[in-house]
Amino acid sequence: MDKKRILLVEDDQYTRELYQEVIKDEGYFLDSVTNGEEGLEKIKKGGYNLILLDIMMPKMSGLEVLRSIKNEPPKIPNGPIVILTNLTNDPILNEAYGLNARDFVVKSDITPGELIEKIKGYLEESGNKEKTKQEQK
Amino acid sequence: MADYVTTPKTSDTIKSLWKLEKIILNTLDFKEVVQKICDSMLSELGYLKLGYRIIVLTLADEKKGVLRRISLSQTPEAAKAQAASAIPFHDIEIPLNAQKNLLIQTLHERKPHSTHYWPDIFTPVLTPEQAIANQKASGIKTSMLYPVTIQDKTLGVLIFSMVKNLEEVSEAEEDLIRGFTDVVGLAVQNAKLYTTLSETTQKLDKANKRLQELDKLKDDFVSMASHELRTPMTAIKSYLWMALNKKKAELSEDLNRYLGRAYHSTERLISLVNDMLNISRIESGRIALKLGEVDPVELVHEVVEEVIPKATELQLNVKVIERKVSKVLIDKDKIHEVVINLIGNSLKFTKPGGTVSVTFDEKPPFVYISVTDTGVGMAKEDMQKLFKKFSMIEHSYTAASTSGGTGLGLYISKSIVTLHKGDITAYSPGLEKGSTFTVSLPITGTSTALELQKEAPKVTEDSKGLEKKRLGYI
């Protein structure tokens, strides 16, 4: 079976490298970029099974990335986008959900182990959806 | 031939006064009032025909120690006098201690005066020659000066200037002028009070807006600061977790303990940031309640299900003693946090083998949920301290050092329950004898619930939720 493809958009180097390590250790294929602009470029190319997107980033914020994708969805679709942030601000959270974010995870509240469990959950969920879609066809 | 007639009918005086009163007292704006004072008698009552030409209102400015011209009737004679004046009228300020000035004498003696000689009223600001020039230009023969008083205060002086001699002023005219001066005192006082009041209101409005802005700034700052704090804390916590859990190298027992305590402390720090955010939101009124009907027993079961793993790990029993009670009107997520906090506290302060039990009671308008444990309990004098911010009671329910609490949980819980018009109380028979925390929540449909529905903070653009309690960290 193909490796699941995950995109990580995170500007903080230590956090990014740590998540890279645990995600790769689980055997996933991982692309990681350090700001919203690069993130958007990758997302536009499509084909990721899961996208982990920070909010507060230089050049382009996570919300701006979400807005841009909503206005102009990529030709090759991606899996769910999960907001991975340390901001806990309801208006931002609500806007993110309005822009089709699948979930909102507060980094300081979870351990790397819990992040992996969550990733498995999102992938399984979107995998099941794919299956149902194909069966319906 | 004189260009004026004499003597209005005495019977008209009262009617005229009443008319003036109506004109002047109907206005509250200070500028408008003082202008009307100077114009109304001449134009509305036809005193021009009686030879009156200029009416001037002067008021004392106690702070600056001067008497100042406030308003002047709009007549050709007034304009001529102004045009002739060496110093513009509005710049003329007569010192309150200028004893020789007739205006000042009128003010201090609270008695009317009159003069044919304008230097009396312009000294020492204008020279006699300058004052005489003004008088000539205006054609005024006599000026009558009347003190404007209210109760025991003299506010200023009204000057009635006319093109006739004092002997030609009838008794009826004098009556009217006296009555008019009294009305002016009242009107000036009213207008002053009104102006002060509206100025104060404006200032308060401004201050209030500024406070709201500051509050928002504070909230934004706390929000940003906590985000900035969380970023490095996430890194510390995550790397410590890696060291402890990934077992890439075997850790010595000591190292395991060191890292474990560092990890534990980071968790504490993160909880503290979350709690401070919550307090900032509660205190600035940005916590909105999303009210709904909730079965308290069901809610407690949901919480207990969440805490069972932790309780098992701590070798503690959690029992729910069910009883059918009414539904309550609450924000479910927020009361969920409160119940987690109470059960979590009890778990924290009860030794292995102990029991935490949840019971229900009902006495309208409230349902009572009680969390009782067999833990460390507390002394009577400590019970009130419990719900204060950063209250730390030795070996007790808010102690921070080894228990890992933030000292804020009970304060936050109490604030949330109070928002719901309920309360949290604590009871313990004594140290080592366990304790009971009881939450009261309003029953749906009771008057308390209806009040809550009306008064509860509504969701707005500014409102925020609560930071969640970390379960792994009880």
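The values are calculated or read from the model by the stated rules, or taken from the named source; none is laboratory data. This structure is a prediction, so every number in the text was calculated from the model and none was measured. Neighbour counts run over all protein chains shown; Cβ positions are idealised from the backbone, glycine included.
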Could you go through the stretch A:107-126 and let me know if any residue there is in contact with a Pro (Cβ under 8 Å, 6 or more places away or on another chain) and among the polar types (S, T, N, Q). yes
For the stretch B:193-210, does any single residue satisfy the condition of being in a helix (DSSP H, G or I) and crowded, with 16+ Cβ neighbours inside 10 Å? no
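Here is a yes/no grid of residues against (1) away from chain A (no Cβ under 14 Å); (2) within 18 Å of A:L18 (Cβ to Cβ):
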site: B:K209; (1), (2): yes, no
site: B:Q212; (1), (2): yes, no
site: B:F221; (1), (2): no, no
site: B:M224; (1), (2): no, no
site: B:M233; (1), (2): no, yes
site: B:K237; (1), (2): no, yes
site: B:W241; (1), (2): no, yes
site: B:N245; (1), (2): no, yes
site: B:E253; (1), (2): yes, no
Every residue from the stretch A:71-97 that is within 19 Å of A:Y122 (Cβ to Cβ) and not in a loop (DSSP other than H, G, I, E, B): A:I81, A:V82, A:I83, A:L84, A:T85, A:L93, A:A96, A:Y97
When you go through B:I87, B:I132, B:I150 one by one, which is the residue that is closer than 23 Å to B:L186 by Cα, out of contact with any strand residue (DSSP E or B) (no Cβ under 7 Å at 6 or more places or on another chain), among the β-branched types (V, I, T) and surrounded by fewer than 19 Cβ atoms within 10 Å (Cβ to Cβ)? B:I150
Return the residue satisfying two criteria in turn: it lies in the stretch B:90-123 and is in contact with a strand residue (DSSP E or B) (Cβ under 9 Å, 6 or more places away or on another chain) and basic (K, R), and of such residues it is farthest from B:S138 (Cα to Cα). B:R110
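Here's the yes/no breakdown for (1) in contact with a Ser or Thr (Cβ under 9 Å, 6 or more places away or on another chain); (2) modelled with pLDDT of 90 or more; (3) not charged (D, E, K, R):
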position: B:T142; (1), (2), (3): yes, yes, yes
position: B:V163; (1), (2), (3): yes, yes, yes
position: B:D182; (1), (2), (3): yes, no, no
position: B:D205; (1), (2), (3): no, yes, no
Test of understanding: among A:I69, A:I43, A:I6, which residue is in contact (Cβ under 8 Å) with a residue 40 or more places away in the chain, away from every other protein chain (no Cβ under 13 Å) and of a type in the set (V, I, T)? A:I6
Kindly indicate which of A:D31, A:D25, A:D54 is more than 12 Å from chain B (Cβ to nearest Cβ) and under 22 Å from A:G121 (Cα atoms). A:D31
Residue that is in the same structural domain as B:I104 (by TED's automatic domain parsing), at pLDDT 80 or above and assigned to a loop (DSSP other than H, G, I, E, B), where the choices are B:L45, B:L50, B:L57: B:L50
In the stretch A:86-114, which residues are more than 7 Å from chain B (Cβ to nearest Cβ), within 29 Å of B:R268 (Cβ to Cβ) and touching a residue at least 12 places away in the same chain (Cβ under 8 Å)? A:I92, A:A96, A:D103, A:F104, A:V105, A:V106
Count, please, the residues in the stretch B:65-107 that happen to be among the β-branched types (V, I, T) and within 43 Å of the chain's Cα centre (by Cα). 5
Selection count, the stretch B:345-356, where residues are in a strand (DSSP E or B) and free of Cβ contacts under 8 Å to residues at least 40 places away in the same chain: 1
Return the only residue of B:Q99, B:Q105, B:Q82, B:Q74 being assigned by TED's automatic domain parsing to the domain that holds B:D182 and under 18 Å from B:A133 (Cβ atoms). B:Q82
Picking from B:T350, B:T398, the residue that is at pLDDT below 95, buried (at least 20 other Cβ atoms within 10 Å of the Cβ), of a type in the set (S, T, N, Q) and within 20 Å of B:E306 (Cβ to Cβ) would be B:T350
